[in-house]
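Single-structure report; data block below.
Every read-out reported here was derived from the displayed coordinates using simple, explicitly stated rules and does not represent laboratory data. Source: prediction; values computed, not measured. Don't worry about glycine lacking a Cβ; one is built from the backbone with ideal geometry, like all the others, and counts go over all protein chains shown.
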Amino acid sequence: MSPNFVWRDAGRTVVFRDSGLRDAPQLLAEHGFEPFDLLSSERHLAAAGELAAAARSIREVPTAAVPDAAAALLEGGGSDSLVALGGGRIVDSAKAIASVTGARVAAIPTTMSGAEMTGIHRLPAGSESRVRAMIRPSLVIAEPRAMTSAPEAELRASSMNALAHGADSLYTPFANPVSQMTALRGAELIAAALDQEPGERERDALALGSLLCGYAIDSAAFGMHHVICQTLVRVCGSPHAGTNAAILPRALAFMAPRAPDQLRPLASALQTDPESIEARVLQLGGDPPGLGQIGADRSKLDQALDSMLLRPELAFTPEPPTRSELQQLIDRAW
């Protein structure tokens, strides 16, 4: 696979390049991101080099949930162009700010969160009435090595987050031939890359799989899996990627008989069958720890279940689960 391509689609440009970080200042200038404010974290700014030097201003994203982080940064004003360098929290914070200010967003992802590919994000706390529109980055600079540089356990958890984007999009009412094609191809790439030895892994394939699955969920929306995970993260305090890694195998096993026509091709893309999909995804995730091991607060589970049942996206799931079924699924992942 050639690691370099440019993908233009509906007002968005994705530059997939093995020298993406090094070339970022030039690419940003070519796409009209001058001047720009750089949003990132202390860790990523330490390695930002020429990108940081090209920025009009540099703003560290507070270590907080996206609504609070975005609200804090809104007070500082800024340019009409925001560049987010980092993981999903940083990219989503930039999108949240732009939903109020109308700024353009460029994303330079350093994980496989998928945030760079979607118009899905939370809103700045206290500014909901000022929101103009949900924001999708108009430029994505994707460097495969930067996206897949995490240690093995974290990389597999992040990969399960990416795989979940494609899997959950397959059975919604908005699924379409393009979203299904990208979801299945993305799943195939992710699984094949994770089956390789870490030192020989095709990181460009893994990163591309993440982008394709992110495209799929942006196109077709999401159902039960993401309702569960987003709510557990928000209410019970478990980490995002780890929560996806714990829930996804159980969610797919639960959905396989409910959506057989959609999940049979997914099982095939993962080199398994629907009856074995839970075990296969556990293998791909590196036998991830349960929710309790990664810090989920079980005392808040009832509150989380109440919130899940109120989410309208739950209705995008064939035969939406009952409260009892949701609890049983989560208990299996605990």
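Observations, loosely collected:
- Simple point charges give the picture: +1 on the Cβ of Lys and Arg, -1 on the Cβ of Asp and Glu, and for segment 102-179 a dipole about the Cα centre of about 340 debye.
- With Cα atoms, 0 to 90° folded angle of helix 177-194 axis to the chain main axis: 90
- Total formal charge among the other residues, if their Cβ is under 15 angstrom from that of SER113, Lys/Arg +1 and Asp/Glu -1: -1
- Angle in degrees between helix 152-169 and the longest Cα principal axis of the chain, rounded to the nearest 10: 80
- Neighbour-count order for ASP168, ASP9, ASP302, ASP92, fewest beta carbons within 10 angstrom listed first: ASP9, ASP302, ASP92, ASP168
- Residues in segment 241-281 reached by a label modelled at ASP195 [backbone nitrogen below 18 Å; 7 Å Cα→Cβ]: 264-281
- Residues ALA52 and ASP273, FRET efficiency given R0 of 51 Å [Cβ-Cβ distance, rounded to 0.05]: 0.55
- Counting neighbouring Cβ atoms within 10 Å and putting the fewest first, the residues VAL6, VAL100 line up as VAL6, VAL100.
- Whether segment 152-333 is rounded, prolate or oblate, judged on the alpha carbon gyration tensor where a/c under 1.5 counts as rounded: oblate
- Considering only ASN161, ASN176, ASN244, the mean-square fluctuation computed in a Gaussian network model of the chain, springs between alpha carbons under 10 angstrom, is largest for ASN176.
- Neighbours of LEU21, meaning other residues whose beta-carbon lies under 11 angstrom from its beta-carbon, give a summed charge of -1 when Lys and Arg score +1 and Asp and Glu score -1.
- C-alpha center-to-center spacing [segment 261-334, segment 178-238] in angstrom: 15
- Sparse packing (at most 12 other Cβ atoms within 10 Å of the Cβ) combined with a DSSP loop state is found for the following trypsin sites (Lys or Arg not before Pro) in segment 87-135: ARG132.
- For the chain: relative contact order, % (alpha-carbon pairs under 8 angstrom, 6 or more apart): 14
- Sum of side-chain charges, LEU123 neighbourhood, beta-carbon under 15 Å (Lys, Arg +1; Asp, Glu -1): +4
- Answer label for Rg/Rh (Cα atoms, Kirkwood Rh) (calculated), chosen among (i) 0.95; (ii) 1.03; (iii) 0.99: (i)
- Considering only SER268, SER93, SER238, the Gaussian network model of the chain with Cα springs below 10 Å gives its largest mean-square fluctuation to SER268.
- Relative to its residue count, segment 5-147 spans a Cα convex hull of 92 Å³ per residue.
- Magnitude of the charge dipole, the chain, Cβ model with Lys/Arg +1 and Asp/Glu -1, debye to 20: 540
- Diffusion coefficient of segment 48-87 by Stokes-Einstein, Kirkwood radius over Cα pairs, 25 °C, 0.890 mPa s: 216 µm²/s.
- Acute angle (nearest 10 degrees) that the helix 88-101 long axis makes with the longest principal axis of the chain, alpha-carbon atoms: 60
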